[in-house]
Amino acid sequence: MNIKHFTNHDESSAHVAQYIFDRIQTKIGESGTFVLGLATGASPKLMYQNLVRLLGESELDLSGLHTFNLDEYYPIRQSHPNSYFQEMYRSFWKPLNELNPTFEIPNGHILNGENPKPEFECRIYEKMIEKAGGIDFQVLGLGVNGHIGFNEPGSSGTSRTRMIDLTPETREANKIYFGNDLEKVPTNGLTMGIGTILESKEIVMIVTGEKKRDLFQKLEQRDTPTEEIPASFLLNHPNTTFYSDLE
Ligand code: F6R
């Protein structure tokens, strides 16, 4: 496992943001395009602030930058204040477009949690990623139960984008975003599959928060993947780095 340790979250966030910025600058310079996979949640929030500032204040032409989010609740309206659509609009797409209008908001893609045909939605999403040339760089956070995206324990390492039942742990962990009311947390999610994620050319996982300490230790001790800890499938990926601010 390739792990980089940091003493605090500010430092690791700034470091990841600078690293991704450099990657985008290089590839946009060479080919004009970059496909960035994004996660929602607390772990990448500060990194996004840094990255939006770096990209926003740069002279880069970002018209070839596309972003694809990992997942979305299901069912949920895109206009719901807690949809991942709204989270990304607030924290990434809109502020970036305001600072550097060459980034076009419609180039920020996310699974649509209000499509009445979720299987169709997932198939189209895979096609869109493929058409964009595949994901150059994927950002991940670590779920308290080891999930990546909404790939809950038991997910296969070859799974594709699909609808999934959220586990009680995940709904419990996310209820703070729904006024601490478990009833309001959607029961399902749409998520890129583990197989889909592993096709990314490069992956960074941001590991932060005391609640992840034991789990991350378990992950560090493994050398083979297990369906019980979906994040362990990253051991099969040739270019993944874990950025941890846990001592
Ligand atoms: C969100 C996602 C999830 C989170 C994970 C950690 O798009 O894919 O897998 O990354 O649940 O969440 P935080 O960062 O809030 O601890």
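Once you divide the Cα radius of gyration of region 45-183 by 2.2 N^0.38 Å, the number left is 1.10. All C-alpha pair distances within region 135-202, sorted into 5 Å bins from zero, spread as 4, 18, 25, 24, 15, 9, 5, 1 percent across the bins. Over the chain, DSSP H runs of length four or greater, each weighted -39,500 (n - 2.57), average out per residue to a 222 nm ellipticity of -9500 deg cm²/dmol.
Could you tell me which of the pairs Lys131/Lys212; Lys175/Lys211; Lys94/Lys117; Lys131/Lys175; Lys175/Lys201 are separated by over 25 angstrom between their Cα atoms in the structure shown? The pairs that break the limit, which is 25 Å between Cα atoms, are Lys131/Lys212; Lys94/Lys117; Lys131/Lys175; Lys175/Lys201.
So if the hydrodynamic radius of region 118-235 is defined as the Kirkwood radius over C-alpha pairs, what does Stokes-Einstein give as its diffusion coefficient at 10 °C and 1.306 mPa s, in µm² per second? Taking Rh from Cα pairs, D becomes 106 µm²/s. Computed over the Cα atoms of the chain, pair by distinct pair, the Kirkwood hydrodynamic radius stands at 18.1 angstrom. Over the chain, accessible surface divided per residue gives 46 Å², non-protein components excluded, 1.4 Å probe. Evaluated at q = 0.23 Å⁻¹, a Debye calculation over the C-alpha positions of region 188-247 (equal weights, vacuum) places log10 I(q)/I(0) at -1.08.
Of all beta bridges that DSSP places with both ends in region 2-240, some 40 percent have antiparallel geometry. For region 1-111, the spread of Cα positions along the three principal axes, ordered from largest to smallest, is 37, 34, 25 Å.
Using +1 at the C-beta of Lys and Arg and -1 at the C-beta of Asp and Glu, which of Tyr74, Gly193, Leu62 has the Cα lying farthest in the positive direction of the dipole of the chain? Farthest towards the positive end: Tyr74.
Counting only protein heavy atoms and a 1.4 Å probe, tell me what percentage of region 2-240's accessible area is made up of carbon and sulfur. Carbon and sulfur: 50 percent of the exposed surface of region 2-240.
The values are calculated or read from the model by the stated rules, or taken from the named source; none is laboratory data. Since the model is a prediction, treat every value here as computed from it, not as a measurement. All Cβ positions, even for glycine, are placed from backbone atoms using ideal geometry, and neighbour counts span all protein chains on display. Quick note on the areas: whole protein, heavy atoms, side chains included, nothing else; ligands and nucleic acids left out. Shrake-Rupley method; radii C 1.70, N 1.55, O 1.52, S 1.80 Å.
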